[in-house]
1. If you take every residue apart from residue 17 with its C-beta less than 12 Å away from the C-beta of residue 17, what net charge results, scoring Lys and Arg +1 and Asp and Glu -1?
2. Quick check on my link table: of 62/139; 67/117; 128/158; 67/139; 67/151, which ones sit more than 25 Å apart, alpha carbon to alpha carbon?
3. What accessible area per residue, rounded to a whole number of Å², is obtained for the stretch 28-95 using a probe radius of 1.4 Å?
4. Kindly give Rg over Rh for the stretch 20-126, based on alpha-carbon atoms, with the Kirkwood expression for the hydrodynamic radius.
5. Of the options 42, 85, 109, report the single residue whose Cα projects farthest towards the positive end of the charge dipole of the chain (beta-carbon charges: Lys, Arg +1; Asp, Glu -1).
6. Determine the dipole magnitude for the chain: charges of +1 sit on the beta-carbon of Lys and Arg, -1 on that of Asp and Glu, nothing else is charged, the reference point is the Cα centre, and the result goes in debye to the nearest 20.
7. Which number comes out as Rg/Rh for the stretch 107-201 once both Rg and the Kirkwood Rh are worked out on C-alpha atoms?
8. Relative contact order of the stretch 62-127: what whole-number percent is it, with Cα pairs under 8 angstrom and at least 6 residues apart?
Amino acid sequence: MADRAIRLQEAHTSRRDAVVALARRGEAVPFRNRPEAFLFPALVPARDRIPDAPKTLELTEKREWAKQQHRLELESLYSAVGQRLNGNVELDAQLFDGEVRFLVDGVPVIEKVFVSKEEGPFILAQWKVVASTFSVTEKTTGKQLCDRLRKLIVTENKALVEQFVKLQQKIEAIDADISAQEAAMNSLTYRLYGLTEEEIAIVERG
């Protein structure tokens, strides 16, 4: 048990150091908010809605109507994301075949975001950081999460990008190792105390 505790402490220390290193690189570069259409590629721009406005409206009124329709659709998209959020969800991000997705409890809430081969791993790494650091409460809205996902690093420093991606991957690997070590330690503890399956269930629910 003591040996396991030492190894677990070392893993947590390694994770802390990697998080600090990752944060330093994030602080060294500016961020830029991507447009809403980055997350929602099918979102129709307000200007493209003008031809669909009622014919009885003046041009100025048609433009205002188009803006209002755009806002309503965007609010609906944010709401759909927000419905997946509560105080006990698992966030994650994936990159496959040039498409980056953000998932809540394994369900994609942001998808069909197609990126270049060069940009994909960097966006994935940043979204993975969001997934591991974004705090979800009963008051968290879909817009808050989407605004965070739109906020991406702007840099031409390829070395920084490579280091950022590798550090994020290292943190993810350490997290998996910590989870495995904790599960093994818990199992050993249950055996040492001779807990029954019912008692173990009570402990894990708590």
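1. Working: positive: 15, 16, 24, 170; negative: 10.
For residues surrounding residue 17, the net value is +3.
2. Working: 62/139 35 Å; 67/117 34 Å; 128/158 19 Å; 67/139 27 Å; 67/151 23 Å.
Flagged as over cut-off: 62/139; 67/117; 67/139.
3. Details: 4630 Å² over 68 residues.
Result: 68 Å² per residue.
4. Numbers: Rg = 17.9 Å, Rh = 16.5 Å.
A ratio of 1.09.
5. The listed residue farthest towards the positive side: 42.
6. Numbers: 30 positive and 32 negative charges, 167 e Å.
Here the size comes out at about 800 debye.
7. Working: Rg = 19.0 Å, Rh = 16.6 Å.
In the stretch 107-201, Rg relative to Rh is 1.14.
8. Values: 69 pairs, mean separation 15.5, N = 66.
About 24 percent, as a whole number.
The values are calculated or read from the model by the stated rules, or taken from the named source; none is laboratory data. Predicted model only: the values in this text are computed from it and were never measured. Glycine gets a Cβ as well: all are built from the backbone with ideal geometry, and neighbour counts include every protein chain shown. The protein model used for the area step is the full one, side chains on, heavy atoms only, and it has no ligands, DNA or RNA in it. Shrake-Rupley method; radii C 1.70, N 1.55, O 1.52, S 1.80 Å.
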